[in-house]
1. Tell me the mean residue ellipticity at 222 nm calculated for the protein assembly as shown from its helices only (DSSP H runs of n ≥ 4, each -39500 (n - 2.57), averaged over every residue, nearest 500).
2. Work out the mean other chain Cβ neighbour count within 10 Å for the residues of B:80-89 and drop it here as an integer.
3. Determine the distance separating the Cα centre of the stretch A:1-53 from the Cα centre of the stretch B:430-469; give it in Å without decimals.
4. For the protein assembly as shown, give the magnitude of the charge dipole about the Cα centre (Cβ charges: +1 Lys/Arg, -1 Asp/Glu; no others), in debye to the nearest 20.
5. What's the long-distance tail for the stretch B:315-371, i.e. % of Cα pairs beyond 14 Å?
6. Roughly how big is the B-A contact, given as buried accessible area in Å² (both sides, 1.4 Å probe, nearest 100)?
7. Compute the Rg to Rh ratio over chain B from the alpha carbon atoms, using the Kirkwood formula for Rh, and round to two decimal places.
8. Take the Cα radius of gyration of the protein assembly as shown and divide it by 2.2 N^0.38 Å, with N its residue count; two decimals is plenty.
Amino acid sequence: MVKNYDLVLLGGGTGGYVAAIRASQLGLKTAIVEKDSLGGTCLHKGCIPTKALLRSAEVFSEIKKSQDFGIEVAQVALRFNKIQERKQAIVNQLHHGIQQLMKKGKIDMINGFGRLLGPSIFSPIPGSISVEFADGRENEILTSKNVILATGSRPRSLNGLAVDGEHVLTSDEALQLQEVPASIVIVGGGVIGVEWASMLADFGSKVTILEYSDRIIPSEDRTLSLSLARSFKKRGIQMVTSAKLLPETLQKENQLSISAEVDGRTETFSAEKILVSVGRMPNTEDIGLANTSIETDHGYIKTNAFGQTKETHIYAIGDITGGLQLAHVASHEGIHAVEHIAGLPVEPLQPERVPRCIYTHPEIASIGLTEAQAKKDHLVKVGKVPFGAIGKALVYGDSEGFAKVIADKSTNDVLGIHLYGPHATDLIGEAAAAKLLDATPWELSEVIHPHPTLSEIIGEAALAADGRAIHL
Amino acid sequence: MVVGEFTTEVDTVVIGAGPGGYVAAIRAAQLGQKVIVIEKQHVGGVCLNVGCIPSKALISASHRFEQMNHSESMGISAENVHVDFHKVQEWKGQIVDRLTSGVKGLFKAHNIESVEGEALFVDSDVVRVNHGYESSRYKFNHCIIATGSSPIEIPGFKWSSRVLSSTGALALKEIPKKLVVIGGGYIGIELSSALAGFGTEVVILEGSPSILPAFEKRLIAPVKKKLKAKGVSVFTKALAKGVEETANGVSVTAEVKGKTQTFDADYVMVTVGRRPNTKDLGLDLAGVELGERGLIHVDKQGKTSNDKVYAIGDIVSGMALAHKASYEGKIAAEAISGIASEVDYRAMPAVVFSDPEIASVGLSEEEAVKEGYEVKTGQFPFAANGRALSLGESDGFLKIVSRASDGLVLGAQIVGVSASDMIAEFGLAVESGMTVEDLALTIHAHPTLGEIAMEAADVVLGHPIHIAK
Ligand SMILES: Cc1cc2nc3c(=O)[nH]c(=O)nc-3n(C[C@H](O)[C@H](O)[C@H](O)COP(=O)(O)OP(=O)(O)OC[C@H]3O[C@@H](n4cnc5c(N)ncnc54)[C@H](O)[C@@H]3O)c2cc1C
Ligand SMILES: Cc1cc2nc3c(=O)[nH]c(=O)nc-3n(C[C@H](O)[C@H](O)[C@H](O)COP(=O)(O)OP(=O)(O)OC[C@H]3O[C@@H](n4cnc5c(N)ncnc54)[C@H](O)[C@@H]3O)c2cc1C
C-alpha cells in the first residue's frame, strides 16, 4: 500500500511529535512513523519519568530534614512500588494527552519501524519511507514531499561491559527498578549520571560515581561542578574523577566488582548494581541512510542551520544531529524545520540561547558560556551571589547555592548565567528571555523582582557583576 | 532645645530601616554619600521582622507539614507527624535574626552610621532623634523618610492578647484551634492558609463580595478551592461588629449578608489594611505636605514639597509592598546623588503567597481595556505541563495580556505553584518591551514550569503545541 503526504516524521519523540503538531497547524498533511510509543525517550525513558522519581526523592529527603522546621515525624518509609506507580501514572497521563493532540491535529500515526528508500518506482528521488510492522504484515510505503528524521538516541554502552538489565543497567533499565539497590556504581558523571546519583542517594543507596574527566558534569561551569561535588560528598556520595574504567575486570559474585585506573593505580569498586551513563548514541544505523546522499559524522546526521541534510527535502532534528541533546532543542529544531518547509522566515537556533537544567539536589540551571569559555574571547566581569543572602531561600529552608552572571566588560552583554540552588530550573526562564534580548546586567538589575522570592538572586547577581550589589 | 544637645552635619539622613530605608541608605552610600539611618525599633522594618519574612517562614513550615501529611501519593509514608510550634517559632526567629544582622553588617560595610531612636523633624533640614532621656540633632542636605506603616485598628476591636494584628498572629505561642480572621486581603489569606495548614479551623470574614478583591476572579478560584479543602470557611459581605473576650477565647459578632451572626474562636485576627506612619514625625515643621489618607505626596523621584526631603515605601501612594519600597529607595538615593532616575511602575509585580501562589505584573485584561488598548490574551493551564505534573502541583494557569496590534506584552497573571518565581520573566518582558513572539521564541528548558510562559505566548499567537484549539 502506498500513502502520500506533505510531511512524514520518522520518529515520534519530543522532536517528532512537536514538529507534527506545528505541521498540522500550517495545513500540511502529516504522518508520524513511530516504532514504540509517542513521546519518545523524553516521555518514556528520560525527562519525565526521572523527574517524577526525583520529586519523590526530594520530598523524602525534605521530610527527613523537617525537624529543622519544628516538624516531628515518628517514622518515614519509602513505598518504592508506589513511587513507581506514580511515575507511570504521570507518563500515562502525558502520553494520553499527546495521542489526543495527534487526533485533533488529524495527524496519521503509523506504528512501525521506518526506513528511507532510495529512488524507486514510488518516487524518482530518495526519501520514500518503508514501514515494517511487528506483526509481519506487508510493509507500507509512504511517499512525501518532505521528510523529517527524528529517530533520537539510545544509551551508549561500553565495550566489554555488557548491559544485562539486571546487574549492569543503563538509564532505560534503571527506570524500571522495583526496589532501591543498597549500593550502586555509576559509570559516568554527566547530567544523567549525577541525576541518578542524587536520586538514589536520597532514596538511601550507597552511591559511587566513576568519572573519566577531572570533574563531574565536565561541560558545565567549573564552579557548578565543584559545588555539586562538595554537596554530593556531604551526602555520602563517593566520587572518583580521572577514573579510567577497566570493563574487563567486572566480576559478578554476591556483589559486582569492577576496577578502574585512578592516578596510575588500580582501584576496585563493588556494589549491587552498575549504572552505565556514558552518553548516548544516535539511532541512525538502520534507517536507510545508505540509500540517500545524507552525510553523517560519527553516526550523527549533518545538517545546515535549518536542519536540511544533503538531500534538501529531508531534514533531521533532535538527538540524531548531535550538539546539545535536550528535549527543548529537539522540539525547537522540529518547529524550525517545519516552518522552513512551509516557507516561513526562520531564525536558526543559537546554542548560547539554550538553557540547560540538571535536576539534582540542589538543582542546576545554566545558559550561555561558562566562565572559562567566556574568558577565551572576552574580557569578562562576573557577579556571584549566594542563596544565603536571599531571604526566601532561608525561609524555604534550603539556601545552599549561588547565582553567577558573566558579562563582557566592554559591550556589557550577558554571556552566561549559572544557577545552583533551590528552584534553579524555575528561575532560568527569565535568564533565557534575557539572552534572547541580549540584555546587559544593568537591564536585568532593572527588573523589579518581587520580595521575598528566589528570583531576587538574578537581579542581585546582575548588580554584583556591575559592582553595585545591595545585599552583598 | 535640650541642654547639651549636639548637632551633627551629614549628607543624608534616612528615617526608618525597613526595605525602603535600608536599600536607600546602601545605594546612597554606594554613590558616595555620608549616610546615617535612624531606626526606632528593629533594623529590617516590618518586612524582615513582622511582615514578609516571618509570614513566609510560617507558610513554608506549614507547607512542609501538609506535604508530609499528603506524602502517601508520592510513595512516602510518614507516620505520627506533628508540629512543635515552639520550635517552628524558634526557627522563624533565627531566620529573622540572620537577615537583620545581615542588614546591620551591610551598614557597616558601607560606612553607614546606624542610630537607634525615634526621629522627628524640628526644621526643614534638621531632625531630632530621641533615645531614652537623650536626644541628638542631625542637620542634613537630604533626608529620605521611610517610616512605613502599621496595622489598622478598627472600632470595637482593640488590640489585646486575643485580638491580634498580623504582628500578634505571627508571634502566637500555640496553634489556635479556632481563629476568626477579619479581612480577606493578601495578608489575611496568607496567614489563614498557613494556620489552616497547621490544623487551625479558620473562619474568614470579608466585607466585599470576594476575598482578594484586587485580583481577577478566575485567578482566585484555585485559591478558594484549596482554602475549602483545608477547612477554611469564607463569609463574604460580612461586616465585623464587635468582639467579646471570654474566659479563654473570643466571640465575634458580624453582620453577614444582612444577618447578625456570632463566631466563637480562640483568637481573632484583624487584617483590614495598614496606615502610613506619618503622624508623629513633625512633618509640618519640615514643610512636608500630606496628601489623602495620611500619605505623603511625592514626585517621580520621591521628592516631597520640601526639596531636601524625599519619601518612599508604604508612606507614599501605590501598593504597600517591600520591593516597591526598595525600588523607590534606590530611585530616591540616585535622585539626591544627582542621577536623573524616575519611578516607572509599569513592571511592578505583586505576589500573594497563598496556596497556590498568585502573581501578577503589568496590566490585567480589564485594566488594559480600560486604558484603551485593544488586547489579545492567551492562557495555558499548569495541568498540561510535565513539570507541574511531576511536582504533583497541577492547579492553576498563566495568562498573558498583549496589545493586539503588535503583540507587546502588557501584563501577565499567574496562579499556580512557584508563580512568585515565574513572574520575574514577565517583569523583564514588560520592562523591556518584549512581544509575545519574543516570549515564544525564547527557548524554555524541558521539563520546567517556564514552558507554561512560552505556551501561553503561543496561545496568543494562535499556535500552541500542547493544547488543541
Ligand atoms: C534519563 C534521561 C533523562 C533526560 N532528561 C532530560 C531533561 O530533563 N531535559 C531535557 O531537555 N532532556 C532530557 N533528556 C534528553 C531527551 O530525552 C532527549 O534529548 C529527547 O528525547 C530527544 O528527542 P528526539 O525527538 O530527538 O528523540 P527521542 O525522544 O529519542 O525520540 C525518537 C523516537 O524515534 C523512534 N524511532 C527511532 N527509530 C525509529 C524508526 N526507525 N522508525 C520509527 N521510529 C523510530 C523512537 O522509538 C523514539 O520514540 C534525558 C534523557 C535521558 C535518557
Ligand atoms: C504580615 C505581612 C506580610 C507581608 N508580606 C509581604 C510580602 O510577601 N511581600 C511584600 O512585598 N510585602 C509584604 N508586606 C508589606 C511589606 O512589609 C511593606 O510593604 C514594607 O515593609 C514597607 O517597607 P517600608 O520601608 O516602607 O516600611 P517598613 O518596613 O514599615 O519600615 C519602616 C521602619 O521605620 C521605622 N520608623 C517608623 N517611624 C520612625 C521614626 N519616627 N523614627 C525612626 N524610625 C521609625 C519603623 O520602626 C520601621 O522599622 C507584608 C506586610 C505584612 C504586615
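1. Values: 27 runs with 301 residues, N = 941.
Calculated from helices alone, the mean residue ellipticity at 222 nm is -9500 deg cm²/dmol.
2. Details: counts 4, 8, 5, 5, 5, 2, 1, 6, 3, 1.
That average works out to 4.
3. The distance from the Cα centre of the stretch A:1-53 to that of the stretch B:430-469 comes to 20 Å.
4. That gives a dipole near 1060 debye.
5. Details: 1032 of 1596 pairs.
Roughly 65 percent, once rounded to a whole number.
6. Details: alone 22480 and 21850 Å², together 36880 Å².
Roughly 7500 Å² of accessible surface disappears when B and A pair.
7. Numbers: Rg = 23.8 Å, Rh = 24.1 Å.
My calculation puts Rg/Rh at 0.99.
8. Working: Rg = 30.1 Å, N = 941, 2.2 N^0.38 = 29.7 Å.
Cα Rg divided by the expected 2.2 N^0.38 Å: 1.02.
The values are calculated or read from the model by the stated rules, or taken from the named source; none is laboratory data. Computed from a predicted model, the values in this text were never measured in an experiment. So basically every Cβ, Gly included, is an ideal-geometry build from the backbone, and we count neighbours across all protein chains shown. In case anyone asks, the SASA skips ligands and DNA or RNA and just uses the protein heavy atoms, side chains included. Shrake-Rupley method; radii C 1.70, N 1.55, O 1.52, S 1.80 Å.
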